[in-house]
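**Q** I'd like to ask you about the structure that follows.
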Amino acid sequence: QFGLLSSHARFHGMTPREPWHFGEAATKIVGDFVRLRYRLLPYLYSQAVSGVERGLPLMRSLILEYQDDPNSYLADLEYLLGDFLLVAPVFDETGRREVYLPCGEWIDFFSGELHFGGRWIGTCSPIEHLPVFVKAGAVIPMCSRDDCILDTDPSPIIEIYAGCKGEAFIVDGAGRTTVRHEEIGRAHV
């Protein structure tokens with residue numbers, strides 16, 4: 001999951017790395033996250049373009065965005081994937097970990113549960129997931145398909161995470177499109 005929610009994703013190394021070497025459960029989990037990555041490609045690409053323009057990496061430590069927050073200095077085992085996704089990989093088999101959520105509202109990507117930031121929260125994530133939070137007000141462009149990358153992808157699905165007004169842009173072959181909450185409401189489009 002950590003590798004597939006990174007700027008680059010590939011299997012390589014001297015020993016077997018492919019999921020089927022680790023059984024059916026691992027193959028299913030990897031497949032689920034490959035499909036999630038495919039759906040997130042419009043977001044990842046748009047955020048990569050934005051990062052180049054602003055001189056920021058796609059994967060960044062919290063301290064880059066929250067320099068006035070002393071806890072962001074301590075949150076070294078989690079990262080922002082673009083402006084709106086906070087990813088907190090789990091590094092042991094218990095699935096438990098403390099995650100720091102910066103000020104604001106954050107929504108659990110998988111459950112939809114709302115969390116208030118500016119504090120550490122305890123999480124317990126089954127192996128099929130990992131803690132991923134979406135900043136409230138985010139506009140996340142996603143592909144409608146999760147099984148391939150099309151040369152001519154139809155308009156992406158826009159997922160809106162309510163909680164405050166938000167704005168984002170989508171970059172595709174036609175250029176840049178700005179999306180605001182006021183224009184499309186507070187629901188999946």
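The values are calculated or read from the model by the stated rules, or taken from the named source; none is laboratory data. Remember, it's a predicted structure, so these values are computed and weren't measured experimentally. Note that we place each Cβ from the backbone using ideal geometry, even for glycine, and neighbour counts take in every protein chain shown. Ligands, DNA and RNA are excluded from the accessible area calculation, which covers all protein heavy atoms including side chains. Shrake-Rupley method; radii C 1.70, N 1.55, O 1.52, S 1.80 Å.
**Q** In the stretch 96-109, is there at least one residue being on the phi < 0 side of the Ramachandran plot, in a loop (DSSP other than H, G, I, E, B), at pLDDT below 95 and of a type outside the set (Ser, Thr, Tyr)?
**A** Yes.
**Q** Could you please give the count of residues in the stretch 3-44 that are in a loop (DSSP other than H, G, I, E, B) and under 14 Å from Glu128 (Cβ atoms)?
**A** The qualifying residues number 1.
**Q** From the residues in the stretch 70-95 that are modelled with pLDDT under 95 and among the β-branched types (Val, Ile, Thr), which one is nearest to the chain's Cα centre (by Cα)?
**A** Selected residue: Val90.
**Q** Then there's this: Among the strands (runs of 3 or more DSSP E) contained in the stretch 113-168, which hold 1 or more residues that are at pLDDT 70 or above, closer than 21 Å to Asp69 by Cα and open to solvent by less than 20 Å² (accessible area, probe 1.4 Å)?
**A** 119-124, 132-135
**Q** Same structure again: Somewhere in the stretch 46-57, is a residue buried (at least 19 other Cβ atoms within 10 Å of the Cβ) and more than 21 Å from Pro131 (Cα to Cα)?
**A** yes
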